[in-house]
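Q: Submitted below is the structure of interest, expressed as structure tokens.
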Amino acid sequence: MEALLIHPPFADPTQPYLSLPTLKGWLRARGLDARVLDLNIEAAHWLFRTEELCDVGRRIGARFVDLNRTQMLSLDQQREYKALVDARGKIEHAIGAEPPLREVFQKREHFYDASTYAVARRKVEGYFEALSAAYWPFRFGFNQCTHNVVPWSFDLLEEYATGVKSPLEDFYEETFPDLETFDWSEGELPPVDLSQTGFVGISIVFPSQIPEALHLARFLKTRSPELFVMLGGPGIHQVAIHLEEPLRLRLLAFVDAIGLFEGEKTLETLLPRVDALHAAEDAHARFELLRDVPNLMCVDPATDLVHLGPRWSLDLREAEPPDYSDLDLDRYWAPSRTLLYAPTRGCYWGKCSFCYYGLTETATAKYREIPPEKAAAELGQLSRRYGVKNVYISCDVLSPVYAVKLAQALIDKGVKIRWSSDLKIEEYFTPERCKLLFDSGLRSAAFGIESGSDRILTMMRKGVDRATLTRVNRAFNDAGVATEWMTFTDHPDESLEEAVDTVHWIAEQQDYVDLFIVGKFGLEAGSHIAQAPADYGVRKIYWADGDELRLYALYTHKGGRRSREVDRAIEREIDLVGAAWDLHPYPWAGANSTHHTFLHFLEFGPRVFKTHFQRAQAALRGKLPDPPVAHIAGLREKMRFNPERMAENEQAFLDGYLERALYTTIPSRGGTKTEVSPLSLADYEAAAAEVRPLYPGLR
């Protein structure tokens, strides 16, 4: 029977992700196989089909009519009504887009035209706002699937898994059709025949994929109850590894098992047993087949407790090259192909205070390397096999010594690729070595700069100072490598002056910084700060009551919390400095380490985000031309309620509600001594219900 490995929505549609081709390469080298299915890119194409765009328009129009003709609106209905009002023009823009939106990103003549690209990006973002209004109260994007106020609880995930509020339920119906009702008369085979499928592994790389992955798992188990379905990947690993036992059991209720840590040996051991699992007489017999599978989490039916198989980590000297043969590389939303390749795993530094990344319990995984000569040879083979010249070296970080050795090996073997990666700035990167990296094909590098304050850099345990960061970054820039800075504010104990100084430092170095981001600190459960909070002045770490996946840690600090006015002041400084660049969020051109960004660097040079898009200011920020009328009921109906008043009501409520719901604590519902903040679906609904309703015509 066939085994499937699925990359689920919602994530970056511009390039294939690395994890599943890596697992496929390992399996095929051992006489096994699994078919890689990128449902994320297929869902992106499906969502932008004309019939689906029109269906979203009809949902928006029908719901608007329902609300518009009521006698009053509760606060939550006001929020939905306002979203529908905003969405009506945006869905018409998406329906009437010319050229079609997908085409803009796949055809060179459109992709590299600044105005055409900018307008298409805005219309895609507008469509996702419309999609979110149509499937209220959830928000969707290429890296987003969230409730519009509260975090994911298991009750909310269970509700979402029914498919009623997922925009992709019909997509799954088409992809995995019911064979009893499938129309065989047209002579076409179903996209996926579940009757011939014994195993499905769903890889969750990003938190934005979790809701759809669980929805898909529930859909597949309903359609084919005997199917063995498991989850894996860093996005679910970092959730499952830290959950308390009762919540782990709730997560495992969606699937048969979860793969933690690295998955090569897990699948190598598990796939030959799939037929035996299907033939097993009962749950106890199935468990005996799973008990010794490395890195596999499942439920022991004898105890109803979670069981984790023996720990296993890959010796990277035994790694196999990724196998992309199941994927159509021209289907991704970009005008030229790219591949991802990981010559290292883990982080050679592994000390940063804030970092929790990858398949580990805390900090970063143990650092390992594929020998550079082997890596260079594999990159050459992949380039020739798939007709690809652009490569993203996708790993936690390359050590400086390894990066230089890999560059030399690429040159020695005559491998002609253009590559980008994340690097940690070290003294080792001399001007001569930066030039060698450029000569090997390095065209952009993203640096974890983090802060312009030496005091905060020391507290972060970065092992580098501002002077070194400045000097080495210039060496890369002088060598012709586009430099992308990753910084953030609000590290515990950072002062307002230190935050603003980071932003001003970017402005001072703007001739040597080709792209940047200033994020805001978020506490990660596996970080050193979470393990030793007192070292950073952190007094208490807690979670929102509804955040049962434990995705967003909250904390109190001895210095208190910055006021909203101070936060806005920092944001104004960032906006002032950022005006010199054309910056946009992931996965667009203008975001750090994206495929679209890299292609624009290659086409127009490192200064592209200070020159190219600035020629298209009207398309970037001006009012879009009026869209063609979509002739869908409700999209042009006159409003009976005042959306400006709704916006005022919404802002006033959220300002007060979130202050209480996020930053006060109550005893947890589990009866333990731990505390949580009140933010949850039940708390939000109760608070919103206390707000006075709005009546038609009220100004």
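Q: Non-local amide H neighbours of Leu5 (under 5 Å, H modeled in plane, Pro and chain starts lacking H): which ones?
A: Arg35, Val36, Leu37, Gly201
Q: Just to check I understand the Karplus step: with θ = phi - 60° and J = 6.51 cos²θ - 1.76 cosθ + 1.60, what whole-Hz values come out for the stretch 389-398, glycine and proline as x?
A: 10, 9, 9, 9, 7, 9, 7, 4, 5, 7
Q: Peptides 686-694, 236-244: what's the order by average Cβ count within 10 Å, highest mean first?
A: Descending packing order for the listed peptides: 236-244, 686-694.
Q: Which value, in Å³ per residue, describes the convex hull spanned by the Cα atoms of the stretch 388-457?
A: Numbers: hull volume 6.4 nm³, N = 70.
Taking only Cα atoms, the stretch 388-457 has a hull volume of 91 Å³ per residue.
Q: Turning to a different aspect of this structure: Using label points projected 7 Å from each Cα along Cα→Cβ, tell me how many nm separate Arg461 and Lys413, to one decimal.
A: In this crude label model, Arg461 to Lys413 measures out at 3.5 nm.
Q: Follow-up. Under a plain spin-label model, where a point goes 7 Å from the Cα along Cα-to-Cβ, how far apart in nm are Lys107 and Gln617?
A: 2.9
Q: Efficiency by 1/(1 + (r/R0)^6): what FRET value for Glu675 and Glu361, r their Cβ-Cβ distance, R0 = 22 Å, to the nearest 0.05?
A: On the way: r = 24 Å, r/R0 = 1.07.
The value I calculate is 0.40.
Q: Distance check, please: which entries in Lys24/Lys405; Lys221/Lys265; Lys416/Lys462; Lys24/Lys413; Lys265/Lys435 exceed 31 angstrom between their Cα atoms? Write down the numbers at each step before the final one.
A: Working: Lys24/Lys405 27 Å; Lys221/Lys265 25 Å; Lys416/Lys462 33 Å; Lys24/Lys413 26 Å; Lys265/Lys435 39 Å.
Correct reply: Lys416/Lys462; Lys265/Lys435.
Q: What does the C-alpha gyration tensor say about the overall shape of the chain? Classify as rounded when a/c is under 1.5, otherwise prolate if a/b is larger than b/c, or oblate. Walk me through the intermediate numbers first.
A: Values: a/c = 1.23, a/b = 1.06, b/c = 1.16.
Taking the square roots of the gyration eigenvalues as a ≥ b ≥ c, the chain is rounded.
Q: If you don't mind, another one. Under a Cβ-Cβ cut-off of 13 Å, what is the net charge of the residues other than Gln15 that fall near it, where Lys and Arg count +1 and Asp and Glu count -1?
A: Working: positive: Arg331, Arg337; negative: Asp12, Asp38, Asp328, Asp330.
For residues surrounding Gln15, the net value is -2.
Q: Okay, moving on. Show me the ranking of peptides 327-338, 98-109, 472-483 by mean Cβ neighbours inside 10 Å, starting with the highest.
A: On the way: 327-338: 18.3, 98-109: 15.8, 472-483: 20.7.
Highest-to-lowest ranking by the protection proxy: 472-483, 327-338, 98-109.
Q: All other residues with a Cβ under 11 Å from the Cβ of Arg636 taken together, and with Lys, Arg as +1 and Asp, Glu as -1, what is their net charge?
A: The answer is 0.
Q: For the chain, with the dipole built from +1 on Lys and Arg beta-carbon atoms and -1 on Asp and Glu ones, taken about the Cα centre, which of Ala11, Ser593, Tyr81 lies farthest toward the positive end?
A: Value computed over the given set: Ser593.
Q: FRET efficiency for Arg607 and Glu432, Cβ-Cβ distance as r, R0 = 22 Å, nearest 0.05? Let's see the in-between values first.
A: Working: r = 24 Å, r/R0 = 1.07.
So, using R0 = 22 Å, E works out to roughly 0.40.
Q: Shifting gears a bit: For Lys107, give me every one of the aspartates and glutamates with a C-alpha distance below 20 angstrom, ignoring sequence neighbours fewer than eight places off in its own chain.
A: Candidates past the 8-residue exclusion: Asp12, Glu42, Glu98, Glu125, Asp328, Asp330, Glu603.
Q: Using packing as a proxy for protection, rank 42-52, 118-128, 171-181 so that the peptide with the highest average count of other Cβ atoms within 10 Å comes first.
A: Numbers: 42-52: 16.9, 118-128: 21.5, 171-181: 14.6.
Descending packing order for the listed peptides: 118-128, 42-52, 171-181.
Q: Fully extended, how many nm does the chain gain between Arg561 and Arg49 (0.36 nm per residue separation, minus their Cα-Cα distance)? Don't jump to the answer; show the numbers that get you there.
A: Numbers: separation 512, 0.36 × 512 = 184.32 nm, distance 4.62 nm.
Gain on extension, Arg561 to Arg49, equals 179.7 nm.
Q: Got a sec? Charge dipole of the stretch 276-329, +1 on Cβ for Lys and Arg, -1 for Asp and Glu; which of Pro322, Phe287, Leu305 is way out at the positive end?
A: Leu305
Q: Also, quick follow-up: Which residues' amide hydrogens lie under 5 Å from the amide hydrogen of Val299, considering only partners 5 or more residues apart or on another chain, with H built in the peptide plane?
A: His307
Q: Starting at the first residue of the stretch 303-319, write each ³J(HN,Hα) from the Karplus equation 6.51 cos²θ - 1.76 cosθ + 1.60 with θ = phi - 60°, in whole Hz, x for Gly and Pro.
A: Couplings: 10, 6, 10, 6, 10, 10, x, x, 6, 9, 10, 7, 7, 5, 5, 9, 5 Hz.
Q: Fully extended, how many nm does the chain gain between Asp183 and Met639 (0.36 nm per residue separation, minus their Cα-Cα distance)?
A: On the way: separation 456, 0.36 × 456 = 164.16 nm, distance 4.34 nm.
Net length gain for the segment: 159.8 nm.
Q: Would you mind checking which residues have amide H under 5 Å from Ala591's amide H? H placed 1.01 Å from N; only 5 or more apart, or other chain.
A: Those lying under 5 Å, H to H, from Ala591 are His584, Thr597.
Q: Work out the FRET efficiency for Arg69 and Leu329 from their Cβ-Cβ distance, taking R0 = 56 Å, and round it to the nearest 0.05.
A: Details: r = 49 Å, r/R0 = 0.88.
Efficiency, from the Cβ-Cβ distance: 0.70.
Q: Read phi for every residue in the stretch 7-12 and hand back ³J(HN,Hα) as whole Hz from Karplus 6.51 cos²θ - 1.76 cosθ + 1.60, θ = phi - 60°, with x for Gly and Pro.
A: Using θ = phi - 60°, the values come out as 9, x, x, 10, 7, 4 Hz.
Q: What size of dipole, in debye to the nearest 20, comes out for the chain about its Cα centre when the only charges are +1 on Lys and Arg C-beta atoms and -1 on Asp and Glu C-beta atoms?
A: 1700
Q: Which Cys residues of the chain have no other Cys Cβ less than 4.7 Å away and so no disulfide-compatible partner by this rule?
A: That list is Cys54, Cys145, Cys298, Cys347, Cys395, Cys434.
Q: Between Tyr663 and His631, what is 0.36 nm times their sequence separation minus the Cα-Cα distance? Round to one decimal in nm. Can you show the working numbers first?
A: Values: separation 32, 0.36 × 32 = 11.52 nm, distance 4.66 nm.
Between Tyr663 and His631, full extension yields 6.9 nm more.
FYI, it's all coordinate maths here, none of it is from the lab. Because the structure is a prediction, the values reported are computed rather than measured. Note: ideal-geometry Cβ built from the backbone for every residue, glycine included; neighbour counts use all protein chains shown.
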